[in-house]
Structure formats: structure tokens, C-alpha cells
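Just below is one structure, and these are the notes that go with it.
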Amino acid sequence: MTIKAFSKQLLAWYQVYHRKLPWRETNNAYFIWVSEIILQQTRVEQGLGYYKRFLSHFPDVQSLADASEDEVLHVWQGLGYYSRARNMQFAARQVVHDFQGMIPETYEGLMRLKGVGSYTAAAIASIAFGVPCAVLDGNVYRFLARYFGIADATDTSKGKTVFETLANKILPKAEPGAFNQAMMEFGALVCTPLKPACETCIFLSTCYAYKHDLVQQLPVKIKKVQVRKRFLNFLVYQDANGMTILEKRTGKDIWHGLYQFPLIESATDDFELEATHHQVFVSAPQIHQLTHQTLIARFGHIYTEKLPEKQNTVVLSIEQLKEFPLPRLISRYIETHSELFPGY
Ligand code: SF4
């Protein structure tokens with residue numbers, strides 16, 4: 001099949017079968033940017049609600065630039081990878097101050113924005129501004145590797161160059177946005193990781209991997225993701241007036257800028273509370289899986305007459321916990337243990 005026939009067939013498929021999602025029905029660069037950042041680490045079903053919520057709070061670049069970091073993190077709460085939200089807000093301020101409030105229309109200009117990497121820059125440039133640059137996400141790598149039979153590893157710089165060159169070669173210059181979206185959608189809906197729908201695939205007769213029985217072997221990845229275990233022990237203080245304390249996370253780590261109950265991190269799962277307090281109670285372990293980390297958290301409830309004075313903390317009522325951006329691990333614990341948080 002010629003490259004022209006390939007793209008024609010793919011675009012025709014996309015017209016009929018693509019999921020009708022709000023960011024597909026717009027050329028608004030800000031909306032596309034928000035959707036791309038959310039969808040980087042989040043499934044479409046979950047991302048959709050956040051997309052709407054985010055835009056109802058921050059309908060344009062200016063409102064995002066003007067918001068406080070706490071407000072942005074609060075709207076993002078539960079989505080994880082909070083640096084995405086922080087970077088996007090930083091970038092919104094860059095747009096306001098360095099680009100007169102206009103989102104840059106070129107790939108290079110977009111790359112100057114914090115948190116915008118080559119994938120996001122190519123997506124915004126091609127979809128919002130019609131710039132002919134190919135987008136490569138996991139779906140595109142997989143589809144390309146299988147259809148064209150490419151055995152270069154997708155997570156090496158040499159492999160990346162091979163895929164990038166090919167993706168740009170097959171990109172129709174007149175319709176880069178639709179084609180990029182079609183490539184991603186085809187990988188997400190048809191040429192899926194575990195059970196691709198080969199039997200009904202429109203490319204069955206010309207697919208290299210199908211012909212050579214390599215569908216399960218492609219794409220190739222060489223690096224194994226290391227998963228690290230962490231033991232997090234949170235101290236939930238409560239005094240007789242129903243007040244508690246939270247501390248703000250700083251430093252280069254997960255959940256930067258979010259709030260948590262004071263934390264003691266330990267190397268092993270051996271959290272105990274000294275019985276010097278009036279009443280103490282330690283929860284069962286709560287497991288929370290991140291891509292590269294397994295978090296094993298325990299919540300130690302301490303009922304005390306006087307809350308400890310710690311640096312970098314805020315004193316608040318249990319009810320006010322709702323007003324602070326909390327990691328999903330903590331907000332879920334509160335929601336599922338409401339009897340321990342009267343007034344929440
Ligand atoms: S035939 Fe199978 S492996 Fe090949 S492109 Fe179609 S879905 Fe993917």
C-alpha cells in the first residue's frame with residue numbers, strides 16, 4: 001500500500017469511528033493543551049471529568065495564570081502527577097508575560113513553555129494550528145512498530161529517531177491534526193497493546209507484524225521500570241475542638257505543593273505510636289500504586305489536648321480538610337474512614 005493510500009484509509013476510518021470527545025471538536029489551543037496534559041498519564045474516561053472541571057474553573061489562559069497554586073492543585077486533586085498542573089500554571093504565566101497572552105503557534109515556541117515536551121508541542125501545533133509535525137505517543141509507537149515491522153526499541157534515542165522520521169514521512173502535510181489524532185485513536189481502539197483487533201483491522205492485508213506473526217513481539221522496549229516501595233506513616237492529630245494539622249509538601253518528590261498529615265517516612269513497615277498520648281490508633285496499611293512507586297501508608301490517629309507546633313504546618317478544622325489540595329491516597333482514606341473524621 002502506498003503512503004498516500006495508507007493515510008487516506010486511516011483518515012476515512014477516523015471520520016467514522018473516533019470517539020466524540022470535546023477536545024476533538026475544537027481548534028482552541030488552550031483547550032487542546034489542557035486535554036493533552038491531562039491525558040498524558042490518565043485514561044480518557046477519567047480525564048474527561050477533569051477536563052470539564054478544569055475548564056469550568058479556568059476557562060482561559062489568563063484565569064489559569066491568575067489562580068493561586070492551591071486552587072489549581074485542588075481542582076487537579078485525585079489526578080496524580082501534580083507537576084503537570086504546576087507546570088501548566090507556570091506556562092500560563094509565561095504565555096501572559098512573554099507572549100502577550102497568545103499561545104505560541106509554532107512547535108519551537110510551544111517547546112519554550114514549561115511542561116510542554118515534544119509530544120505536547122507537536123499535538124498542539126498540529127491540531128490547533130495545522131503545523132505539519134508528527135505526534136508520537138505510546139499508541140502511535142505501537143501501531144507504527146507493528147504495521148511497518150520496526151524492531152528498534154521505542155525507549156532508546158536511536159529508536160525514537162527512527163520512529164520520528166517515519167511518522168513525519170507518512171504525515172499528510174495538508175491534514176496533520178486529523179492524521180495525528182487518527183494515528184493515536186487507531187492505536188487506542190484497534191491496534192491495542194494486548195488484544196489488537198487484527199481480524200477486523202482495515203490494514204490486516206498489509207500489516208507486517210500480522211503477516212510475520214510478530215504482533216505480540218512488537219513494539220520492543222528494553223528498559224524495565226523499577227518499582228520502589230515506600231512506607232509512609234501519617235500522623236493525624238485531633239484535639240478536643242476537632243482541630244488537626246496539615247503540612248505542605250516541599251522539595252523534589254511526589255505531591256510537591258500538596259498538603260498531608262505530618263509524615264514520618266521509614267525504611268520498613270514497622271510503624272508504632274508511643275502510648276504517651278491520650279489515645280492512639282494506627283490504621284491498617286493503605287496501598288497506593290504509582291507508576292514507579294508502591295506506597296504503603298499507615299495513618300496514626302493521635303487524640304491530644306494540645307496540637308504540636310511544627311514548622312510549615314497549618315492548623316485547621318476537620319471540615320476544612322476539603323479546602324486543601326490533598327493527595328488522592330489521603331483524601332480516599334478520609335472518605336472511606338469518615339467515622340474518624342467527624343464533620344468532614
Ligand atoms: S493487523 Fe493487527 S497488528 Fe496490524 S495494524 Fe491491524 S490491529 Fe495492528
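The values are calculated or read from the model by the stated rules, or taken from the named source; none is laboratory data. The structure presented is a predicted model; accordingly, all values stated were derived computationally and were not measured. Here Cβ is always computed from backbone atoms with ideal geometry, including for glycine, and neighbour counts include all displayed protein chains. Heads up: the accessible areas ignore ligands, DNA and RNA and are worked out on the full protein's heavy atoms, side chains in. Shrake-Rupley method; radii C 1.70, N 1.55, O 1.52, S 1.80 Å.
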Dipole of the chain (Lys/Arg Cβ +1, Asp/Glu Cβ -1, origin at the Cα centre): which of Pro342, Cys198, Ser63 lies farthest to the positive side? Cys198
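Given Lys229/Lys252; Lys248/Lys306; Lys173/Lys211; Lys160/Lys223; Lys52/Lys169, which pairs have Cα atoms separated by over 24 Å?
Lys173/Lys211; Lys52/Lys169
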Work through the residues other than Ile38 whose Cβ is under 11 Å from its Cβ and net out their charges, Lys, Arg +1 and Asp, Glu -1. +3
From highest to lowest solvent-accessible area (probe 1.4 Å; ligands, DNA and RNA excluded), Lys306, Lys195 read Lys195, Lys306
Heavy atoms of Cys191 accessible to a 1.4 Å probe, total area in Å² rounded to 10: 20 Å²
Could you please state, rounded to a whole Å, how far the C-alpha centre of the range 216-273 is from the C-alpha centre of the range 19-71? 27 Å
Starting from the amide H of Val282, placed 1.01 Å from N in the peptide plane, find each other amide H under 5 Å away whose residue is 5 or more places distant or on another chain. His301
Within the accessible area of the range 80-166, what % is carbon and sulfur when the probe is 1.4 Å and the other protein chains stay in place? 55 percent
Suppose the chain between Lys229 and Leu21 were pulled fully straight at 0.36 nm per residue; how much longer would it get relative to their current alpha carbon spacing? 71.2 nm
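Given contacts defined as C-alpha pairs under 8 Å and at least six residues apart, what's the relative contact order of the range 228-340, whole-number percent?
Computed over the range 228-340, the figure is 36 percent.
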The chain: antiparallel bridges as % of DSSP beta bridges, rounded to 5, reads 60 percent
Can you pull the accessible area of Tyr210 for me, 1.4 Å probe, Å² to the nearest 10? 80 Å²
Placing unit charges on C-beta atoms (Lys and Arg positive, Asp and Glu negative, everything else neutral), compute the dipole magnitude of the range 56-112 about its Cα centre in debye, rounded to 20. 180 debye
Run the 1.4 Å probe and let me know the accessible area of Leu39, rounded to the nearest 10 Å². 40 Å²
Under the Karplus relation 6.51 cos²θ - 1.76 cosθ + 1.60, θ = phi - 60°, what is the ordered set of whole-Hz ³J(HN,Hα) values for the range 316-327, x standing for Gly and Pro? 8, 7, 4, 4, 6, 4, 5, 7, 10, x, 10, x
